Amino acid sequence: MGGTKDVLKHDFQKTVVELADAHCHLDLMTATQIGDAINASVKTLITNGVDIKSDMESVKLADGKNVFVMLGLDPEHAVKLKEDELELAVGLIRGSIGPGVVGIGEIGLDGREGNMPLQKKVFGRMLDLALELDLPVSIHSRGALDEVLQMLEDKAVKKAHIHFFEGSVEQAKRAERLGCMISVPPLESGRRRKVIKEVSIDNIMAESDAPVAVKSPRDVTIAVGMIAEEKRITFEQAAQAIVANTKRYFGIEAGKPKLTLMRN
Ligand SMILES: [Zn+2]
């Protein structure tokens, strides 16, 4: 067992261990940038659509090997939806479910976006769709984590991933009790480290949120490094746990991509 010292000595950029990025936006990146991340050991990437256009772009990126896709409507775009666009999006998402599409995301609530009733309507509709299709979700919760957790509880959603977790230890414990996974973004913070320490490693994933939070999914190493340090395990052990958790949560079997089928 390596302690903090071993982790700090580890050269994150030269790492050869396999990594997984539980949340990114590859439709905003070039094929070269995506290839670089895969070559740099990020072998499993979960990319998220944020609106109808990006959902349709994202579907094209699903390769069933390294790139897996979530389709959704995020709060920033939810507040701009016109009357008939919600059901149009639901129909398009439903019709796009196929190999390499592993869930519904990015969806959620954002305390800074305003029009909370519309945000809740869209988020609720997306949660219903995920429940109906029995698919996991990837959730944005900036400034609205309590509201998000309440909706998950009310709708009895069992497979939820709170991406870019920024809550307190107390909120993390509540998320854990609801059966949620949380993911650690590649940005340092003492509050985040406390949460990592208190949450079971089985419920933790790592993400880059690239290219929004950082430039490349390669930077997921920063999140894995923090997890290793707070859990007092080696970087390799943390990476292994994170890859296993990510594949388990999104239903990706090693070497055998899941074929997601429509339910009647
Ligand atoms: Zn995102």
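Within segment 82-106, which residues are in a helix (DSSP H, G or I) and in contact (Cβ under 8 Å) with a residue 40 or more places away in the chain?
L92, R94, S96
Only one of the numbered conditions (1) modelled with pLDDT of 95 or more; (2) open to solvent by 20 Å² or more (accessible area, probe 1.4 Å); (3) outside any helix (DSSP H, G or I) is violated by K258, and that is (1).
Just one of the listed residues (L145, L127) is touching a residue at least 24 places away in the same chain (Cβ under 8 Å), within 16 Å of the ligand (Cβ to nearest atom) and either open to solvent by less than 10 Å² (accessible area, probe 1.4 Å) or out of contact with any Asp or Glu (no Cβ under 6 Å at 6 or more places or on another chain) (or both), and it is L145.
The condition (being within 16 Å of the ligand (Cβ to nearest atom), more than 25 Å from R142 (Cα to Cα) and either in contact (Cβ under 8 Å) with a residue 24 or more places away in the chain or open to solvent by less than 40 Å² (accessible area, probe 1.4 Å) (or both)) is satisfied by just one residue among V67, V50: V67.
Listed here are the residues, each with its yes/no results for (1) within 14 Å of the ligand (Cβ to nearest atom); (2) surrounded by fewer than 15 Cβ atoms within 10 Å (Cβ to Cβ); (3) in a loop (DSSP other than H, G, I, E, B).
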site	(1), (2), (3)
I46	yes, no, no
K60	no, yes, no
E76	yes, no, no
K80	no, yes, yes
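Scanning segment 175-203 for residues that are assigned to a loop (DSSP other than H, G, I, E, B) and exposed (fewer than 14 other Cβ atoms within 10 Å of the Cβ) gives G179, E188, S189, S200.
Look through A172, A244 and report the one residue that is farther than 16 Å from A22 by Cα and either part of a helix (DSSP H, G or I) or touching a residue at least 24 places away in the same chain (Cβ under 8 Å) (or both).
A172
Cβ-Cβ contacts under 9 Å between residues 6 or more apart (or on different chains), taken from a first residue in segment 20-40 that is touching a residue at least 12 places away in the same chain (Cβ under 8 Å) to a second residue that is part of a loop (DSSP other than H, G, I, E, B) and basic (K, R), are listed as M29/K215; Q33/K215.
Residue check: K158 meets all listed conditions (1) assigned to a loop (DSSP other than H, G, I, E, B); (2) away from the ligand (no atom under 16 Å from the Cβ); (3) open to solvent by less than 40 Å² (accessible area, probe 1.4 Å) but one, namely (3). Look at (1) without any contact (Cβ under 8 Å) to a residue 40 or more places away in the chain; (2) outside any helix (DSSP H, G or I); (3) small (G, A, S); (4) buried (at least 17 other Cβ atoms within 10 Å of the Cβ) and you find that G114 fails only one, number (4). If you check A22 against the conditions, is it open to solvent by less than 10 Å² (accessible area, probe 1.4 Å), within 16 Å of the ligand (Cβ to nearest atom), farther than 23 Å from V214 by Cβ and modelled with pLDDT of 95 or more? Answer is no for this residue.
Could you count how many residues in segment 216-241 are within 15 Å of the ligand (Cβ to nearest atom) and either touching a residue at least 60 places away in the same chain (Cβ under 8 Å) or of a type in the set (F, W, Y) (or both)? Give the derivation first.
Taking segment 216-241 and keeping what is within 15 Å of the ligand (Cβ to nearest atom), we get 216-217, 219-220, 223.
Now narrow it down to the ones that are either touching a residue at least 60 places away in the same chain (Cβ under 8 Å) or of a type in the set (F, W, Y) (or both): 216-217, 220.
Final tally of qualifying residues: 3.
D154: touching a residue at least 60 places away in the same chain (Cβ under 8 Å), farther than 27 Å from A40 by Cβ and out of contact with any Gly (no Cβ under 7 Å at 6 or more places or on another chain), yes or no? Against the criterion (touching a residue at least 60 places away in the same chain (Cβ under 8 Å), farther than 27 Å from A40 by Cβ and out of contact with any Gly (no Cβ under 7 Å at 6 or more places or on another chain)), D154 does not qualify.
Here is a check on your reading of the model: is I227 buried (at least 22 other Cβ atoms within 10 Å of the Cβ), modelled with pLDDT of 95 or more and within 20 Å of I107 (Cα to Cα)?
Taking the combined requirement at face value, the residue does not satisfy it.
The values are calculated or read from the model by the stated rules, or taken from the named source; none is laboratory data. This is a predicted model, so every value here is computed, not measured. Counting neighbours? That spans all protein chains shown, and the Cβs are built from the backbone with ideal geometry, glycine included. Heads up: the accessible areas ignore ligands, DNA and RNA and are worked out on the full protein's heavy atoms, side chains in. Shrake-Rupley method; radii C 1.70, N 1.55, O 1.52, S 1.80 Å.
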